[in-house]
Amino acid sequence: MQWNRSNTIGLAQISCCCCHGYGVRLVRKGKEVPCQCVLRAIFRACYNRFRDCALKAGQTPSVSLEFCRGKEAGWTYSRKREEFMADFCLVSRRTLDGLEYRIFKSHFLLGADWKLCCRQLGLERGTFFHAVYRIQQKLGRTFAELEPFPLYPLDDYFGGMARKQSPPLSVQLPLAA
């Protein structure tokens, strides 16, 4: 993902004291990097979609037919909701270290509130919330920069790569008789 103002301004918080609602921060030598509020917003968008997919898991079979590009282009079946949930969990497991993943699992995946997490993990309240913010920032960046197929933007992940070829520039119209 290209980190520029046009990609981040819609995700930025107006009340952010670091980016003032622009979504990017200037660091040394004028380089722009995404603000932490943008990375947390990316994580929250992916996490909300994960929860929606988990709620809809038992309703109907969610098999979709997609067009595959490549040398031998064709159609394939997929389960986008299940694949997204698996990718969300696996990417999180690979990105986070031991304590961060235990906090992530108990708070985000199992839904424990902060009091229960602090008691189970032996953390103080402030330490827990700082860890939650670090987890959100780390995973938000990873979800957006994942290669070759990032989890964010969600429309690209769920929409697939099926795009019709554009028509040729010069189109011959039949002459009316």
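Nothing in this text is a laboratory measurement; each read-out follows from the coordinates by a stated rule. Quick caveat: nothing in here was measured; it's all calculated off a predicted structure. Glycine gets a Cβ as well: all are built from the backbone with ideal geometry, and neighbour counts include every protein chain shown.
Taking every pair of alpha-carbon atoms in the chain, give the share separated by more than 26 Å as a whole percent. Considering the chain, 46 percent of its Cα-Cα pairs are separated by more than 26 Å.
What separates the Cα centres of the stretch 1-21 and the stretch 30-82 is a distance of 22 Å. Between Leu96 and any residue 5 or more places off or on another chain, the built amide H atoms are never under 5 Å apart. Within the shell defined by Cβ-Cβ distances under 10 Å, the residues around Phe43 carry a net charge of +4, with Lys and Arg each +1 and Asp and Glu each -1. Which whole-number percent is the relative contact order of the chain (Cα, under 8 Å, 6+ apart)? The value is 20 percent.
Looking at the stretch 1-78, the GluC sites (Glu not before Pro) that sit in a DSSP loop and have at most 15 other Cβ atoms within 10 Å of their own Cβ are Glu72. Phi angles of the stretch 50-58 translate, via the Karplus equation with coefficients 6.51, -1.76, 1.60 and θ = phi - 60°, into HN-Hα couplings of 4, 5, 4, 5, 5, 5, 8, 4, x Hz per residue; Gly and Pro are given as x. For the Cα atoms of the chain, what angle does the longest principal axis make with the long axis of helix 80-95, in degrees from 0 to 90, nearest 10? Orientation of helix 80-95: about 40 degrees from the principal axis.
Near Lys80, once Lys and Arg are set to +1 and Asp and Glu to -1 for all other residues with Cβ below 15 Å from its Cβ, the sum equals -3.
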